[in-house]
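A short reminder: the numbers here are calculations on the coordinates, not readings from a lab. Predicted model, so just to flag it, every value in this text is computed and none were measured. All Cβ positions, glycine included, derive from the backbone under ideal geometry; neighbour counts span all protein chains shown.
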Amino acid sequence: MNIVIIGGSGLIGKQLTILLRQTGHTVTAASPSSGVNAVTGEGLSEALEGAQVVVDVTNSPSFDDEAVMHFFRASTQNLLAACARAGVSHFVALSVVGSERLPESGYFRAKVAQEALIKAGPVPYTLVRATQFFEFLMSVAHVGTVGNTVPLPSAPLQPIAAADVAAALADVAVQVPLNGTCEVAGPQALPLDALIRRVLQARQDPREVVSEANALYFGTRIDERSLVPGPGARIGPTTLAKWLANGY
């Protein structure tokens with residue numbers, strides 16, 4: 001297949017490119033660094049010429065409410081229009097488990113808006129919703145840090161390795177479109193406070209995690225259902241212990 005990855009220079013895009021090329025597909029890794037900008041539309045028509053599948057793994061460089069909404073609206077509208085012109089038969093987009101359950105967050109509102117555009121768009125699609133990546137757990141700690149403490153709730157998080165997300169996307173990309181949503185998550189749900197405490201300890205980080213029911217997760221409150229997948233989710237094989245043992 002001829003597959004174009006939008007956001008091909010990022011964490012997921014790089015791994016996805018390798019996986020798809022290893023299985024014999026022709027892959028174009030497109031990003032602003034290669035002259036393809038989904039937000040402005042620059043280079044999209046040329047990059048998508050002859051494409052059968054397009055995978056969108058882009059992410060906003062800013063989490064500011066207005067900026068992130070503009071990013072996902074503009075990029076998705078431009079991508080769908082370019083895919084329709086090019087006759088793309090499958091549009092795959094990476095999204096986030098629980099987005100609709102966190103309306104206080106501008107980022108998650110933007111992801112919901114992105115999904116709505118894709119569902120209403122002209123191109124057959126599959127939405128792949130992933131839980132938080134292991135690779136971003138330190139960011140959770142940094143955002144929540146107050147002095148030398150990290151106040152966090154004990155609501156569960158079921159994080160996943162980026163490599164397992166890329167593997168799921170590689171499988172989905174070569175299948176027929178679902179015109180629906182699938183979820184992918186890590187093998188174990190853990191209380192957020194205990195999870196971050198474990199990651200900090202593994203890195204010998206002196207910050208203390210403090211359990212606080214009303215503490216925020218990237219600016220929004222979460223509960224027992226907010227960040228975990230529903231029944232039938234694809235479960236990645238990499239455990240937190242294995243990920244940490246690999247030196248990440």
Proximal aspartates and glutamates to Lys242, defined as alpha-carbon separation beneath 15 angstrom and excluding residues fewer than eight positions away on the same chain: Glu135, Asp164
For the range 6-59, diffusion coefficient by Stokes-Einstein and Kirkwood Rh (Cα), 10 °C, 1.306 mPa s, µm²/s: 141 µm²/s
Long-range amide H partners of Arg129, meaning residues 5 or more apart or on another chain whose placed amide H is closer than 5 Å, are Ser95, Cys182, Glu183, Val184
For the chain, give the share of DSSP beta bridges that are antiparallel, in percent and rounded to the nearest 5; count only bridges with both residues there. 10 percent
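Would you work out the charge dipole size for the range 2-245 about its Cα centre, treating the Cβ of every Lys and Arg as +1 and the Cβ of every Asp and Glu as -1, and quote it to the nearest 20 debye?
On the way: 17 positive and 20 negative charges, 78 e Å.
My answer is approximately 380 debye.
Would you work out if the range 66-118 is rounded, prolate or oblate? Take a ≥ b ≥ c from the square roots of the eigenvalues of the alpha-carbon gyration tensor; rounded if a/c is under 1.5, else prolate when a/b is larger than b/c, oblate otherwise.
Values: a/c = 3.67, a/b = 1.86, b/c = 1.98.
Taking the square roots of the gyration eigenvalues as a ≥ b ≥ c, the range 66-118 is oblate.
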Computed D for the range 2-245, Stokes-Einstein, Kirkwood radius over alpha-carbon pairs, 4 °C, 1.567 mPa s, to the nearest µm² per second, is 70 µm²/s
In the range 1-113, taking the dipole from +1 charges on Lys and Arg beta carbons and -1 charges on Asp and Glu beta carbons about the Cα centre, the listed residue (Leu11, Gly35, Met69) farthest towards the positive end is Leu11
What order do you get for 35-45, 171-181, 185-195 when each peptide is scored by the mean count of other beta carbon atoms within 10 Å, highest first? 185-195, 35-45, 171-181
Dipole of the chain (Lys/Arg Cβ +1, Asp/Glu Cβ -1, origin at the Cα centre): which of Ala141, Ser89, Pro231 lies farthest to the positive side? Pro231
For the range 54-158, give the magnitude of the charge dipole about the Cα centre (Cβ charges: +1 Lys/Arg, -1 Asp/Glu; no others), in debye to the nearest 20. 300 debye
Which value in nm describes the separation of the simple spin-label points at Ala120 and Ala74, placed 7 Å from the Cα toward the beta carbon? 2.0 nm
Percentage, to the nearest whole number, of Cα pairs in the range 186-237 over 14 Å apart: 63 percent
With label points built 7 Å along Cα→Cβ from the Cα atoms of Thr26 and Ala81, find their separation and express it in nm. 2.7 nm
Could you tell me, in Å, what Rg and Dmax come out for the Cα atoms of the range 1-110? 14.0, 43
So what are the range 119-213's ellipsoid semi-axes, whole angstrom, largest first, if each one is the square root of 5 times an eigenvalue of the alpha-carbon gyration tensor? 33, 13, 11
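At 222 nm, what value in deg cm²/dmol follows for the chain if DSSP H runs of at least 4 each add -39500 (n - 2.57) and the sum is divided by all its residues, to the nearest 500?
Details: 8 runs with 90 residues, N = 248.
Helix contribution divided over all residues of the chain: -11000 deg cm²/dmol.
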